[in-house]
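The values are calculated or read from the model by the stated rules, or taken from the named source; none is laboratory data. Predicted model, so just to flag it, every value in this text is computed and none were measured. We place every Cβ from the backbone using ideal geometry, glycine too, and count neighbours over all the protein chains shown. Calculation scope for accessible area: heavy atoms of the full protein, side chains included, ligands and nucleic acids excluded. Shrake-Rupley method; radii C 1.70, N 1.55, O 1.52, S 1.80 Å.
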Amino acid sequence: MCESSKSERPELESGHFQETDGSGKKVSRRSFLGGMALGAGCLGAGTLIGEAIKNLGSEQGQNIPIQHNNERKAPPLGSLSVVVVQLLPENAEPHQGIEKISSGVRDALGRIALTTSHLYLNVRFTRDGHSPDTTRITEDGKQPAYSQRLLQLIGQAHAREESDMALVIVDSADTEKDYYAGLTVYDDKYPPVAFVRDVGGVSIGTIAHELGHMLAPEGVKRGLGHAWALQSWVRQDGDKEVKDWRHSPHVAPIQDIIAAGYGLEKDDSGKPNPYASRYSVMGNSALFDSMVDPTIPMFSSPELAFLDPTLSIRHITMPSMGTGQIPINYGGPDRAGITIDIPEDHILRQIAPNTDTLFIGPIVRSKQWSNPIDRMGVFATWSGGRDSAILNPSIWDESIKYSENSFEHVAYIDEQLGILVAAGQQSGQVYVRLVPLHTEEAQELIRAGQERLIKSLNI
Ligand SMILES: [Zn+2]
């Protein structure tokens with residue numbers, strides 16, 4: 001299991017760092033540089049993952065990562081570089097060794113490249129010989145450990161010259177704190193640094209998750225956030241599966257669903273779980289550890305829109321008027337999603353207070369499928385599109401039917417926006433349609449969906 005999926009503390013991710021601020025353990029510059037020297041020359045070869053891609057345009061540096069912009073022309077990233085630091089003092093026994101580390105990192109980078117089709121990161125592996133600077137108490141007593149401060153310094157020092165980000169793999173001893181499997185820290189003056197523990201093995205999901213925190217379009221400082229999920233209308237109650245179909249997004253407005261007590265999925269401590277979504281490695285990253293089908297996208301459609309400002313997103317300003325069919329595509333230059341502003345008094349703010357935008361975009365289960373779009377996802381998003389919560393998370397939700405007897409289904413209903421989101425396909429082209437909610441047509445779509453649902457559940 002990926003512990004990063006449980007216990008990263010966001011406040012650490014935004015901690016500002018100063019070399020001489022006196023907080024925490026100070027690292028003397030001399031011993032620090034000494035440790036660096038050991039690493040030099042051990043494993044220096046740079047490697048390009050995937051092919052280099054052309055720079056697609058010239059309007060660089062727009063700090064408008066997502067949404068509210070139907071004419072976005074900023075180019076995607078040409079190429080970013082990451083330095084991967086194997087932290088292993090001389091004569092220390094590695095937990096995993098460089099072979100496993102580099103294979104895990106390459107797998108994660110390969111999957112990010114497959115998912116985004118534009119983020120091909122240059123990777124350089126190196127070794128750092130710093131010894132642990134502190135200890136932590138375990139079942140076996142006091143064990144050597146690295147403080148977060150030293151890990152950050154090490155990452156920054158290796159990234160400083162020519163890398164956009166650093167990934168430090170703690171390959172001996174452990175981190176001082178063990179509530180995370182990986183952690184990313186930002187400092188506006190330096191490239192971001194992520195640390196990943198590998199005591200229990202090299203986790204592709206954790207590595208990709210931490211890299212995700214460091215990926216952003218050019219000119220944008222911080223990378224992706226996390227991926228929450230609304231509690232599903234199908235849930236496990238002990239041994240029993242409870243299917244509360246009346247609160248499925250096919251038949252109930254989000255207002256009724258939330259009024260019935262549904263909120264964001266919680267973690268063990270009872271707080272909304274930022275790792276709940278199974279549709280992104282920024283959510284439940286452990287689901288992405290296996291390479292069974294490497295074309296399963298690691299990022300959700302709103303995250304892809306954040307990462308690539310050139311994706312065409314249609315912003316609807318008057319949703320309650322309805323729309324005709326809006327073709328939705330995946331993995332190409334065509335329409336990749338729809339956004340709608342969320343007003344301040346919207347009920348979604350009760351469960352996700354910072355929500356400002358509704359994002360409607362495809363859920364793809366495998367890019368290898370001839371019809372890759374499985375169904376239409378509806379997401380609450382905030383912080384510039386970095387963070388999102390999927391509002392129709394159930395795998396029981398209706399999918400797009402590509403067969404002859406295809407039908408349009410309801411993906412989401414919203415009384416405050418006055419809309420029903422219908423999804424379907426015609427001759428293989430998936431589309432979304434906003435239908436004004438208080439029309440006979442909308443009510444008929446809901447009735448038909450309810451009938452199918454009851455039938456499929458054998459109620
Ligand atoms: Zn995280």
(message) Just to be sure before I move on: is Leu287 over 12 Å from the mean Cα position of the chain (by Cα), within 16 Å of the ligand (Cβ to nearest atom) and either open to solvent by less than 10 Å² (accessible area, probe 1.4 Å) or not small (Gly, Ala, Ser) (or both) in the structure I sent?
(response) yes
(request) Select, from Glu210, Glu162, the only residue that is in the same structural domain as Ile112 (by TED's automatic domain parsing) and away from the ligand (no atom under 14 Å from the Cβ). (result) Glu162
(message) I need the full set of residues from the stretch 167-187 which are open to solvent by less than 10 Å² (accessible area, probe 1.4 Å), in a strand (DSSP E or B) and within 16 Å of the ligand (Cβ to nearest atom), in order please.
(response) Leu167, Val168, Thr175, Gly182, Leu183, Thr184, Val185
(request) Would you check if there is a residue in the stretch 211-222 being over 30 Å from Ile101 (Cβ atoms) and out of contact with any Asp or Glu (no Cβ under 6 Å at 6 or more places or on another chain)? (result) yes
(message) Please verify whether Leu230 is under 18 Å from the mean Cα position of the chain (by Cα), within 11 Å of the ligand (Cβ to nearest atom), aliphatic (A, V, I, L, M) and farther than 12 Å from Leu167 by Cβ, treating the condition exactly as stated.
(response) no
(message) Being over 26 Å from the mean Cα position of the chain (by Cα) and in a strand (DSSP E or B) is the filter here; which residues of the stretch 146-166 pass it?
(response) Tyr146
(request) Residues being in contact with a Leu (Cβ under 6 Å, 6 or more places away or on another chain) and at pLDDT below 95: count how many of those fall in the stretch 135-171. (result) 1
(request) Just give me the residues in the stretch 148-158 being buried (at least 24 other Cβ atoms within 10 Å of the Cβ) and hydrophobic (A, V, I, L, M, F, W, C), in sequence order. (result) Leu150, Leu151, Ile154
(request) Scan the stretch 196-206 residue by residue and report those that are within 12 Å of the ligand (Cβ to nearest atom) and either within 14 Å of the chain's Cα centre (by Cα) or among the aromatic types (Phe, Trp, Tyr) (or both). (result) Gly205, Thr206
(request) Go over the candidates Ser388, Ser406, Ser394, Ser427 one by one and state the one that is assigned by TED's automatic domain parsing to the domain that holds Ser301 and open to solvent by 50 Å² or more (accessible area, probe 1.4 Å). (result) Ser427
(request) Identify all residues within the stretch 241-283 that are touching a Lys or Arg at 6+ places or on another chain (Cβ under 7 Å), within 16 Å of the ligand (Cβ to nearest atom) and open to solvent by less than 40 Å² (accessible area, probe 1.4 Å); write none if there are none. (result) Asn273, Tyr275
(request) Would you mind stating whether Pro372 is touching a residue at least 24 places away in the same chain (Cβ under 8 Å), in the same structural domain as Leu437 (by TED's automatic domain parsing) and over 15 Å from Glu303 (Cβ atoms)? (result) yes
(message) Being polar (S, T, N, Q) and under 20 Å from Arg365 (Cα atoms) is the filter here; which residues of the stretch 232-288 pass it?
(response) Ser232, Ser277, Ser280, Asn284, Ser285
(request) State which residue is farthest from Ser388 (Cα to Cα) when the search covers only the stretch 312-361 and only residues that are under 19 Å from the mean Cα position of the chain (by Cα) and among the polar types (S, T, N, Q). (result) Thr339
(message) Among the numbered criteria (1) closer than 23 Å to Leu230 by Cα; (2) more than 22 Å from the chain's Cα centre (by Cα); (3) assigned to a loop (DSSP other than H, G, I, E, B), which one does Val421 miss?
(response) (3)
